[in-house]
1. Could you list all residues from region 58-69 that are open to solvent by 20 Å² or more (accessible area, probe 1.4 Å) and under 19 Å from residue 86 (Cβ atoms)?
2. Quick one: which residue in 8, 47 is of a type in the set (S, T, N, Q) and under 18 Å from the mean Cα position of the chain (by Cα)?
3. Identify the residue in region 56-73 that is over 22 Å from residue 167 (Cα atoms) and touching a residue at least 12 places away in the same chain (Cβ under 8 Å) and, among all such residues, is farthest from the chain's Cα centre (by Cα).
4. Please identify the pairs in which a residue from region 166-178 that is outside any helix (DSSP H, G or I) has its Cβ atom under 8 Å from the Cβ atom of a residue that is of a type outside the set (Lys, Arg) and open to solvent by 50 Å² or more (accessible area, probe 1.4 Å), counting only partners at least 6 apart or on another chain.
5. Restrict the check to region 1-9 and report whether at least one residue is surrounded by fewer than 16 Cβ atoms within 10 Å (Cβ to Cβ), at pLDDT 95 or above, of a type outside the set (Ser, Thr, Tyr) and not in a helix (DSSP H, G or I).
6. When the residues of region 1-34 are narrowed to those that are touching a residue at least 40 places away in the same chain (Cβ under 8 Å) and small (Gly, Ala, Ser), which ends up farthest from residue 171 (Cα to Cα)?
Amino acid sequence: MDTRELTSAILADIGRALRQVDPAQIEAVGCLILSADRVFVAGKGRSGLQMKAFAMRLMHLGLTVHVVDDVTTPAIAAGDLLLIGSSSGRTGSLLRYLETVSQAGATLATFTGNLVSPIAEASEAIVHIPATNFKAGPETGFGSVLVMGSLFEHCLGLLCDLIIIRLKAALAIDEAAMNARHANLE
């Protein structure tokens, strides 16, 4: 494939996956974010990078948000929400958070490509992204010209942006207010 054909194929794969995401699932996660005292985000690898970007935008909206594993992240508690981004839903280090969330009385929600996983099963809300998970196998979604878990990761980032747009409207926050919270120690 030449570059233009490959670009078209990538966009088609992303569009096909995103069109299969249930809007009700997205709304449910948005409602959990709005009702949470604090939002914690977690993920590993490239999914973790997408979740960190999501945390930044949640902060720009004025929400109290923490990235799990940062040295300044406080203890999670009742009334808090942990959002996990995990294509496989089986990442070992993320699985260790499930017991802590349960014991603290916090809420768990996940973005995942695998509905048959411990993280999905423990979640109050799930956004299922039907992208093949290279670790979980082809039954978790369809294939893509993108390598490894890239289809999931790109869709995760776009869905997080979609949620930010919806939350921005729900909170009646304008771009100027968001920009005022942008980092100035750069």
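1. 65, 66, 67, 68, 69
2. Result: 47 is the single residue among 8, 47 that is of a type in the set (S, T, N, Q) and under 18 Å from the mean Cα position of the chain (by Cα).
3. Residue satisfying both the conditions and the ranking: 73.
4. Close Cβ pairs satisfying both conditions: 171/34.
5. The answer is no; no qualifying residue exists.
6. 9
Residues checked against (1) of a type in the set (A, V, I, L, M); (2) open to solvent by less than 70 Å² (accessible area, probe 1.4 Å); (3) at negative phi:
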residue	(1), (2), (3)
25	no, yes, yes
38	no, yes, yes
56	yes, no, yes
74	no, yes, yes
84	yes, yes, yes
91	no, yes, yes
94	yes, yes, yes
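The values are calculated or read from the model by the stated rules, or taken from the named source; none is laboratory data. The model shown is predicted, which means the values in this text are computed figures rather than measured ones. With ideal geometry, Cβ positions are generated from the backbone for all residues, glycine too; neighbour counts draw on all protein chains shown. Accessible surface areas use protein heavy atoms only, side chains included; no ligands, DNA or RNA. Shrake-Rupley method; radii C 1.70, N 1.55, O 1.52, S 1.80 Å.
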